[in-house]
Amino acid sequence: MHRLSALPASLGLTVKNLGPGLKYYDKREPLPLSVSAGVAVHAVPAVNFVFDAVRLVPDRETSVSFGTEYNLAGVMSLRGGYSSAFAGAAAFTGFSGGVGFNVSGVQLDYAFSPF
């Protein structure tokens, strides 16, 4: 993750499950390799916008996600977003939401994502 000094934004890159895979006796199973890249824009002090793209390398599938977070006085955060990975035929299946609380350095988060 890298915070851009000239802009109110951060960039991130993640590689998951990089390695030779799992071996059980003489059979080896590959890990589900994925690469993610994202950007977070800190529009105003209490509002963040995020965009993320994920590539599942073995499956040759790409999904995109975007969302926002609104922070209320540093104590409570409201979050909402959309992911194309979970979008289906039913209405609102790609949407998610959540709330987070930060009190005395203890953070508690709850998220809802129909799956």
Residue by residue through region 54-65, the couplings from Karplus 6.51 cos²θ - 1.76 cosθ + 1.60 with θ = phi - 60°, in Hz, x for Gly and Pro, are 10, 10, 8, 4, x, 8, 6, 10, 10, 10, 10, 9
About its Cα centre, the chain carries a charge dipole, from +1 on Lys and Arg Cβ atoms and -1 on Asp and Glu Cβ atoms, whose size in debye to the nearest 20 is 240 debye
Got a sec? Which residues in region 21-55 would a label at H2 touch, if it sits 7 Å along Cα→Cβ and we count backbone N under 15 Å? 37-40
I need the calculated FRET efficiency for the pair R28 and T62, taking r as the beta carbon distance and R₀ as 25 Å, to the nearest 0.05. 0.45
Top positive-direction residue, dipole computed over the chain with Cβ charges, set P30, A53, G74: P30
Highest-fluctuation residue, R60, R79, R28 considered, GNM on the chain with Cα pairs under 10 Å: R28
Hull surface over four for the Cα convex hull of the chain, reported in nm², is 10.3 nm²
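Read-outs throughout are calculated quantities, based only on the coordinates presented, and are distinct from any laboratory measurement. Since this is a predicted model, take the numbers as computed values, not measurements. Here Cβ is always computed from backbone atoms with ideal geometry, including for glycine, and neighbour counts include all displayed protein chains.
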